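Heads up, the thing below is written out as structure tokens.
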Amino acid sequence: MLSTHNISQPQPNDALLSPITASMDLFQLLDVCESLADELIECKTATEQQALCGRIAHCLEVMKTTFDQPLPAYLVERLTVDKEVKIQVNHDSEIQRQYCHALTQTLLSRAHTLEVNRALTGMLFELINELVEDLQAPRFLRG
């Protein structure tokens with residue numbers, strides 16, 4: 001008798017199963033987007049790449065709406081420090097989000113060679129990580 005425990009079933013990708021909703025705050029969306037980008041850079045199949053790019057594109061679209069809303073107090077608190085910290089903040093986060101979205105759309109088009117897709121995937125990974133780092137960097141001084 002064959003045991004079903006011996007049969008290896010592919011496990012669904014956690015990043016692909018993460019919910020993306022309009023009720024999520026900016027930091028939650030950044031975390032999901034970063035997880036998806038991490039999975040994308042390690043992705044080995046075209047099907048999984050397409051699914052991950054689609055999820056990233058959706059996450060970036062939902063994130064766009066959070067840029068138009070005031071930050072909730074609990075996020076302001078997370079971005080507030082007791083002493084001045086010298087960091088460079090990118091004030092063009094919406095433009096960077098648009099670049100990331102454009103790259104996901106380009107990857108979804110499947111119009112490029114494997115080599116170009118790898119380069120675009122690397123660019124998307126880097127841009128998403130820069131966006132996350134920028135938006136989660138302290139920017140308020142407690143006073």
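Remark: pairs (first residue in the range 21-40, modelled with pLDDT of 95 or more; second residue aromatic (Phe, Trp, Tyr); Cβ separation under 6 Å; 6+ apart in sequence or on different chains) = Ala37/Phe125. Checked against the criterion of being over 17 Å from Ile41 (Cβ atoms) and either part of a loop (DSSP other than H, G, I, E, B) or not β-branched (Val, Ile, Thr) (or both), the range 117-125 contains not a single residue that satisfies it.
Go through Arg78, Arg110, Arg139 for me and flag whichever is closer than 18 Å to Arg55 by Cβ, modelled with pLDDT under 95 and open to solvent by 70 Å² or more (accessible area, probe 1.4 Å).
Arg110
Scanning the range 32-47 for residues that are farther than 16 Å from Ala119 by Cβ and either surrounded by 16 or more Cβ atoms within 10 Å (Cβ to Cβ) or of a type in the set (Val, Ile, Thr) (or both) yields Val32, Cys33, Glu34, Ser35, Leu36, Glu39, Thr45, Thr47. Within the range 113-126, being touching a Leu at 6+ places or on another chain (Cβ under 8 Å), open to solvent by less than 80 Å² (accessible area, probe 1.4 Å) and farther than 10 Å from Glu34 by Cα holds for Asn117, Leu120, Thr121, Leu124.
The values are calculated or read from the model by the stated rules, or taken from the named source; none is laboratory data. No experiment lies behind these values; they were computed from the predicted model shown. Note: ideal-geometry Cβ built from the backbone for every residue, glycine included; neighbour counts use all protein chains shown. With ligands, DNA and RNA removed, areas are computed over all heavy atoms of the protein, side chains included. Shrake-Rupley method; radii C 1.70, N 1.55, O 1.52, S 1.80 Å.
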